[in-house]
Amino acid sequence: MNEEQRIQQAGINQVDNNIERIKNTKSDDMIAKYFQTSYEAQSPDIKKARKRLNEDVQIHYDFAIPEDMATIGKGKKFLIRTYGCQMNEHDTEVMAGILTEMGYEATSDTNDADIILLNTCAIRENAENKVFGEIGHLKPLKIEKPDLIIGVCGCMSQEESVVDRILKKHQHIDLIFGTHNIHRLPQLVKEALFGKEMIVEVWSKEGDVIENLPKVRKGKIKAWVNIMYGCDKFCTYCIVPMTRGKERSRLPQDIIQEVRHLVAQGYQEVTLLGQNVNAYGKDFEDIEYGLGDLMNDIHKIDIPRVRFTTSHPRDFDDRLIEVLAKGGNLLDHIHLPVQSGSSEILKKMNRKYTREDYLELVRKIRKAIPNATLTTDIIVGFPNETEEQFEETMTLMEEVGFEAAYTYIYSPREGTPAARKKDDVPESVKKQRLYRLNELVNKQSAASMKTYKGKTVKVLVEGESKKDPDILAGYTEKNKLVNFKGPRSSIGKIVEVEITEAKTWSLDGVMVENTVEVN
Ligand code: 5AD
Ligand code: SF4
């Protein structure tokens, strides 16, 4: 069987399988499930979460806005405020799509909105604090406009403590729904509009895959495409396996169809999204088809740029490296979160690799893709991290030569194993470590930027720069921000820019004449 036949066969088997699964679900059960409105959020519980691995996942292709909700938003406006990661940004695009199909129009003015949704993030405590601040700020508006619907969704609504706090202290909230309930937005809005009580719908079920959801994408140049949902890695510090549910992959043909559709609409770049994209396909029962295979198929599609995020080193296999080495539209920037440079800390984090394993993976990647740019995520101040263990993170940072890193101070999350550990590292020491790490990250980023001075790079032009409307901004293949002088006609295109100045986090340049049609 050749590659093309294999993917086709894979899709057919999987679809058959899913039709069977759906058929086996009693319709009464479905109705009961779909119309439950009771509060079912569970406190994050790692033992319970681990049991889910054998649970069935269903794929649904039958999303539709109920007739009685299709025009309910006519003449009204919605605003969605998004916190956190790209997954949330993309969920917002889906919710915007659903609300638009219900007749609502988007607004960025809080005072103008008839429905406000806060799409929240639970990854660190400060993310949650910001949301509670915003919930408080919205109270006077709700008092002034009682018909306004305020909803809280996203990762925080999957946490029992958050739901309890809102129920007790923030009665002006009309609606709380979880990450698995987004497709229920029309029904939930209806209940919120016509009911008196706060509507809470957070399923403890780990979630299905819902296809054919409408989307209003944020831009017309770059697009996100979900390839899988959830995470089964259970890193000991992380809330995501509890808030986003079990790993479940979309079928290859659904993803490929979405990418083809984006190409037809003129998109220049797609980022394949998942909490742990390297686990893509591991949940397929009948087929062997992983991220490498998917990238290989997307490689053949006529879209100039393909990225993926976020990777877990443990599942980054040889097949993926071999496919990425083909280059073309598969860009050689790899974001590969390491979290710590100490094998002892990595073990406590349950990352399932050592410092040496990570370095070996980096060697393999560099051998196959010599120009690969690596960036990472790092947590400092994990419970009881010693000075020596932190130093190992600093030396790893240098040894790998990361060109950028997102760095965080460890934040205990209720229900995660690490949060139960006593921690003897004072906050001041953690802050100091973050400061030292950031100095090093800045130094390495600046050094990598300097190498571009005088060189010509390909830039996908996104629009005006944030600071100066006469300057255009875009990103290189390696995801470096470039501000440059060029004609507005280059927006949405890939052009060549000569770099004249390197800063710590961006490059300045001038467009090379006559390159508007490079792509
Ligand atoms: N505290 C601090 N940082 C965290 N991350 C995940 N959970 C926590 C936590 N409890 C970081 C990791 C991850 C990134 C998205 O957020 O580095 O890769
Ligand atoms: Fe969280 Fe990422 Fe670990 Fe999953 S792999 S538990 S999302 S840090």
Check: Residue farthest toward the positive end of the dipole of the range 209-450, with Cβ of Lys/Arg at +1 and Asp/Glu at -1: which of Val306, Ile334, Phe234?
Finding: Val306
Notebook entry, point to check: Using mean Cβ contacts within 10 Å as the protection proxy, how do 216-222, 190-196, 180-186 order, highest first?
Noted result: 180-186, 216-222, 190-196
Checklist line | the chain, helix-only ellipticity at 222 nm - DSSP H runs n ≥ 4, -39,500 (n - 2.57), divided by all residues, nearest 500 | finding: -10500 deg cm²/dmol
Next item on the list: Send over the Kirkwood Rh of the range 334-378, from the inverse of the averaged 1/r over different Cα pairs, rounded to one decimal Å.
Entry: 11.0
Check: Is the range 103-148 best put as rounded, prolate or oblate by its Cα gyration tensor, with a ≥ b ≥ c the root eigenvalues, rounded for a/c under 1.5, and otherwise prolate when a/b is larger than b/c, oblate when not?
Finding: oblate
Margin query: On the Cα set of the range 386-519, report Rg and Dmax in Å, please.
Written below: 19.8, 62
Note to self: Could you report the accessible area of Phe63 in Å², rounded to 10, computed with a 1.4 Å probe on the protein chains as they sit in the structure?
What the structure shows: 40
Checklist line | Set of lysines with alpha-carbon distance to Lys467 below 19 Å, sequence-local pairs under 8 removed | finding: Lys480, Lys485, Lys503
Check: How would Tyr435, Tyr353 line up by accessible area, probe 1.4 Å, largest first?
Finding: Tyr435, Tyr353
Item checked: Under 27 Å from Lys168, Cα to Cα: lysines that are on another chain or at least 8 residues apart -> Lys33, Lys48, Lys130, Lys139, Lys142, Lys145, Lys190, Lys196, Lys205
Next item on the list: Report Trp505's accessible area, 1.4 Å probe, all protein chains in place, as a number in Å² to the nearest 10.
Entry: 120
Next item on the list: Report the FRET efficiency, 1/(1 + (r/R0)^6), for Ser161 and Lys347, where r is their Cβ-Cβ distance and R0 is 41 Å, rounded to 0.05.
Entry: 0.90
Note to self: For a test of the definition: using alpha carbon positions, the gyration tensor, and the 1.5 limit on a/c, classify the range 154-308 as rounded, prolate or oblate.
What the structure shows: prolate
Item checked: Shape call, the chain: gyration tensor on alpha carbons, a/c limit 1.5 -> rounded
Notebook entry, point to check: Once Rh for the range 209-450 is found with the Kirkwood sum over Cα pairs, what is the Stokes-Einstein diffusion coefficient at 10 °C and 1.306 mPa s, in µm²/s?
Noted result: 83
Check: Can you give me the relative contact order of the range 456-511 as a percent, contacts being Cα pairs under 8 Å and 6 or more apart?
Finding: 36
Next item on the list: Taking amide H positions as placed in the peptide plane 1.01 Å from N, state which residues far from Arg250 in sequence (5 or more) or on other chains have amide H under 5 Å from it.
Entry: Met228, Tyr229
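Counting only DSSP beta bridges with both residues in the chain, what percent are antiparallel, rounded to the nearest 5?
The antiparallel proportion sits near 30 percent.
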Checklist line | Reachable lysines, given that their alpha-carbon falls under 17 Å from the alpha-carbon of Lys367 and they are not under 8 places away in the same chain | finding: Lys326
Notebook entry, point to check: Once you charge only the Cβ atoms, +1 for Lys and Arg and -1 for Asp and Glu, what is the size of the charge dipole of the range 293-395 about its Cα centre, to the nearest 20 debye?
Noted result: 360
Next item on the list: Please calculate the 1.4 Å probe accessible area of Glu398, with all protein chains present, and give it to the nearest 10 Å².
Entry: 100
Item checked: Selected from Ala502, Gly474, Thr456, residue furthest toward positive end of dipole (the range 456-511; charges at beta carbon) -> Gly474
Next item on the list: Percent of Cα-Cα pairs per 10 Å bin, from 0 to the last occupied bin, for the range 456-511, please list those.
Entry: 29, 63, 7
Next item on the list: Calculate the translational D of the range 242-373 in whole µm² s⁻¹ from Stokes-Einstein, where the hydrodynamic radius comes from the Kirkwood formula applied to all Cα pairs, the temperature is 25 °C and the viscosity 0.890 mPa s.
Entry: 156
Note to self: Can you tell me the length gained on complete extension of the stretch Asn371 to Glu356, counting 0.36 nm per residue apart and subtracting the Cα distance?
What the structure shows: 3.3 nm
Note to self: I need the P(r) histogram for the range 390-444: all alpha carbon pairs, bin width 5 Å from 0 out to the longest distance, whole percents.
What the structure shows: 4, 17, 24, 21, 15, 12, 6, 0
Notebook entry, point to check: Cα centroid distance between the range 106-151 and the range 222-272, in Å?
Noted result: 27
Next item on the list: With only Lys, Arg, Asp and Glu charged, each at its Cβ (+1 for the first two, -1 for the last two), find how big the charge dipole of the chain is about the Cα centre; round to the nearest 20 debye.
Entry: 880
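The values are calculated or read from the model by the stated rules, or taken from the named source; none is laboratory data. The shown structure was predicted, so the numbers you read here are calculated from the model rather than taken from an experiment. Neighbour counts are summed over all protein chains in view; Cβ atoms, including those assigned to glycine, are modelled from backbone coordinates with ideal geometry. In case anyone asks, the SASA skips ligands and DNA or RNA and just uses the protein heavy atoms, side chains included. Shrake-Rupley method; radii C 1.70, N 1.55, O 1.52, S 1.80 Å.
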